Amino acid sequence: MDVLSILLLIALVIALLGLLCGVLVFWRVPTIQHKGIPTSSVSIIIPARNEEFRLKPLLESIVHQQHVSYEVIVVDDGSTDGTRELARSYGATVISNELLEEGWIGKSAACWAGSLVANNELLLFMDADTVFTHPDSLSNYIASFESMGSRGILSLQPEHCAEKWYEQLAFLFPLIVMVGMNVFTVAGTRLKAGGSFGPCLLCDKMQYEEIGGHAVVRGAVMDDLALGKAFQQHDLPVRCYGGKGIAWLRMYPGGLSDMVQGYSKSMASGSAATHPLVMVLIYAWMAGASVAASMLLASGFSSTGWLGVSIGLYILYAVELAVASKRVGRFVWWIFPLYPLLLVVFISIFTYSLYLSKRKGSVQWKGRNINV
């Protein structure tokens with residue numbers, strides 16, 4: 001056996017282990033199944049800074065919700081566009097975020113300000129780019145929370161709706177965000193959730209106040225992760241579900257630069273919440289995927305048999321990603337055969353995020369300098 005064949009055999013073992021790790025780390029994504037009419041009322045709190053265009057679909061979807069009592073509170077975080085006027089036109093209560101003294105970060109301050117004026121039993125914190133899927137989405141969401149005893153947090157990661165090419169090529173980010181919450185692996189809930197998802201975060205108002213709410217995580221860039229951990233420290237459960245059938249979002253319609261800034265702001269700091277075992281599985285999958293792509297190139301200099309094996313491995317990785325994508329959002333089929341490019345995009349932005357958090361210490365986001 002020549003040296004190239006030995007190297008290809010080693011690469012084959014690594015690639016197969018990577019495939020297995022991909023299966024183990026993204027084993028099952030639970031979604032809301034409970035259907036019913038809730039008995040609790042909810043205050044929907046939406047932090048918004050220059051969200052005139054992204055906010056409208058959410059408000060439109062809220063006014064069509066059925067079988068649930070709710071109020072909408074939009075916390076304007078210094079917008080210079082028509083955010084306030086748009087929110088009022090849909091009947092929302094609009095307040096200003098005036099809690100930006102030392103130590104606060106904009107979104108945490110806005111969520112806390114909204115909670116202080118909320119009148120209902122439950123609090124639902126929603127990002128402005130999130131949209132309810134069906135008229136009964138909110139009622140099913142709340143009914144499911146009630147069926148769990150209305151304790152702790154029930155957070156959802158909405159389906160990602162990718163439209164532009166750069167959103168498609170960033171597919172690995174929403175996938176890794178979900179995997180990094182620890183609870184979608186073959187170990188299930190035996191691993192503690194790394195926090196909660198931020199786009200849709202539902203909790204009981206009294207419990208939220210008892211743990212100190214967003215005031216106790218005022219300086220956290222990833223306030224959703226920090227708030228989830230605060231609930232866990234008070235022995236309150238944090239449940240993370242996929243949002244399919246309940247809500248969807250399009251995170252970065254503003255362009256490539258907007259997307260890079262957004263992911264750079266959160267990825268490095270968010271990875272700290274990932275369990276070491278899950279992190280190892282993610283690294284092993286990425287290593288296997290990279291090796292499988294390299295094998296396809298190297299096998300061209302070896303026998304025909306190795307070329308067939310390499311093509312088969314490459315296809316398996318593409319299929320594995322295509323299957324996983326159905327749990328994450330809506331992506332076009334042609335990005336999965338390009339998965340080496342997806343890896344390059346992910347690693348490049350993640351490395352930039354590490355640079356910002358470890359060396360520069362800050363990032364520009366929506367006109368503000370945020371310490372990371």
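Listing for the model above:
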{"quantity": "Accessible carbon and sulfur surface of the chain relative to its total accessible area, %, 1.4 Å", "calculated": "61"}
{"quantity": "Helix axis angle, 52-63 relative to the chain longest principal axis, alpha carbon, degrees", "calculated": "70"}
{"quantity": "Nearest-20 debye value, the chain charge dipole, Cβ charges on Lys, Arg, Asp, Glu", "calculated": "760"}
{"quantity": "Three-way shape label, region 68-226, alpha-carbon gyration tensor, a/c 1.5", "calculated": "rounded"}
{"quantity": "Nearest-0.05 FRET efficiency for V23 and H234, computed from C-beta distance (R0 30 Å)", "calculated": "0.30"}
{"quantity": "Entries of K56/K107; K35/K326; K35/K192; K164/K192; K229/K326 with Cα pairs more than 25 Å apart", "calculated": "K35/K192; K164/K192; K229/K326"}
{"quantity": "Theoretical FRET efficiency, 1/(1+(r/R0)^6), r = Cβ-Cβ of V280 and H34, R0 41 Å, to 0.05", "calculated": "0.75"}
{"quantity": "Pairwise centroid distance, computed over Cα atoms, of region 12-57 with region 216-277, Å", "calculated": "11"}
{"quantity": "Exposure ranking of T274, T351, T130 by accessible area [1.4 Å probe, largest first]", "calculated": "T351, T274, T130"}
{"quantity": "Gain in span if fully extended, S96 to A322, counting 0.36 nm per residue against the direct Cα distance", "calculated": "77.1 nm"}
{"quantity": "Estimated FRET transfer efficiency (K164, V216; beta-carbon r; R0 56 Å; 0.05)", "calculated": "0.90"}
{"quantity": "Selection from I14, F53, T39, by position along the positive dipole direction of region 1-151 (Cβ)", "calculated": "I14"}
{"quantity": "Rounded if a/c under 1.5, otherwise prolate or oblate - region 114-195, Cα gyration tensor axes", "calculated": "oblate"}
{"quantity": "Rounded D (µm²/s) - region 179-250, Kirkwood Rh over Cα pairs, Stokes-Einstein at 37 °C, 0.692 mPa s", "calculated": "253"}
{"quantity": "Charge dipole (debye, nearest 20) of region 34-149; +1 at Cβ of Lys and Arg, -1 at Cβ of Asp and Glu", "calculated": "300"}
{"quantity": "Probe 1.4 Å, accessible area per residue of the chain, Å²", "calculated": "43"}
{"quantity": "Dipole moment magnitude, nearest 20 debye, region 1-87 about Cα centre, only Lys, Arg, Asp, Glu C-beta charged", "calculated": "400"}
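The values are calculated or read from the model by the stated rules, or taken from the named source; none is laboratory data. As the structure is a computational prediction, the values presented were derived from the model and not from experiment. In this analysis, Cβ positions are derived from the backbone assuming ideal geometry, glycine residues included, and neighbour counts consider all displayed protein chains. Just the protein is used for accessible areas: all its heavy atoms, side chains included, with ligands, DNA and RNA removed. Shrake-Rupley method; radii C 1.70, N 1.55, O 1.52, S 1.80 Å.
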